[in-house]
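S.K.: Below you will find the structure I want to go over with you.
The values are calculated or read from the model by the stated rules, or taken from the named source; none is laboratory data. For clarity, every value in this text was computed on a predicted model and none was experimentally measured. Note that we place each Cβ from the backbone using ideal geometry, even for glycine, and neighbour counts take in every protein chain shown.
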Amino acid sequence: MKKRFTLIELLVVVAIIGILSSILLPAVSKVRKKGLQAVCLNNLKQSYLAVYTYADENDEYAPDNILNGEGTKWFNKLVPAYLPSNGIEDGSSPSLSCPMGLEPSLYWHATLAINPIITNHKGDFGSHKLTLGDSETMVLMDSYKNWNTTFPSYLAPDKLIEDTETHNIARHLGSANVVRADGSAKPYTWNSLTQHNNYSDNFWQYD
């Protein structure tokens, strides 16, 4: 006579499967988010190279970010000459997007933000040319919502983590991707970014 599983044995097996699932699913989710973070970091590096290539051909100045009647934003000057277009909207490129952020809109084509010190050289911040080398200055990072520039005041908890995941800056498991003027690119934890919430910090300025 064949031995059959008892109801208790089946319940034990189901319970074990449930326990294993509860353990493994968060780990799988974390691995997935790590993968998306790597995609975002790669896009950030591609955009960084585009900004520097543009600067190399424009007297070392980064693309302007002018929010006046012209509506010109820094990323509009990079596509398609320096970054591949996604073929949908003028000024939009896959390299300007973070898969963990909001979808690019008709007005905001990037979910990455640029340091206003280096992109508004004809505006409020004076003249700052881009220079490669040993500099801690931030060039690009994940943006708050879809805003195309970022400021020290944004490096506060309410914009770093205390919002929906797609809107905040530190959307990669509590970290934000940053690429610096020396070419290094890595995630910064949200609490480490709060320590750079001042324009006098080298995170924002070359001098």
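S.K.: Quick one: Ser153 ticks every box in (1) modelled with pLDDT of 95 or more; (2) more than 13 Å from the chain's Cα centre (by Cα) except a single one, so which number is it?
M.R.: All conditions pass for Ser153, except number (1).
S.K.: Is it fair to say Asn177 is part of a strand (DSSP E or B) and either polar (S, T, N, Q) or farther than 19 Å from Lys34 by Cβ (or both)?
M.R.: Yes: the conditions hold for Asn177.
S.K.: From the set of residues in the range 181-205 that are assigned to a loop (DSSP other than H, G, I, E, B) and without any contact (Cβ under 8 Å) to a residue 40 or more places away in the chain, which is surrounded by the fewest Cβ atoms within 10 Å (Cβ to Cβ)?
M.R.: Ser200
S.K.: For the range 80-90, check the following and say yes or no: at least one residue is surrounded by 23 or more Cβ atoms within 10 Å (Cβ to Cβ) and modelled with pLDDT of 80 or more.
M.R.: Among the residues of the range 80-90, at least one is surrounded by 23 or more Cβ atoms within 10 Å (Cβ to Cβ) and modelled with pLDDT of 80 or more, which makes the answer yes.
S.K.: Residue under question is Ala27, and the condition is that it be more than 16 Å from Cys98 (Cα to Cα), in a helix (DSSP H, G or I) and modelled with pLDDT under 85; does it hold?
M.R.: Working: more than 16 Å from Cys98 (Cα to Cα): yes; in a helix (DSSP H, G or I): yes; modelled with pLDDT under 85: yes.
Yes, satisfied.
S.K.: Of all residues in the range 138-173, which are under 17 Å from Thr194 (Cβ atoms) and part of a strand (DSSP E or B)?
M.R.: Correct list: Met138, Met141, Asp142, His172.
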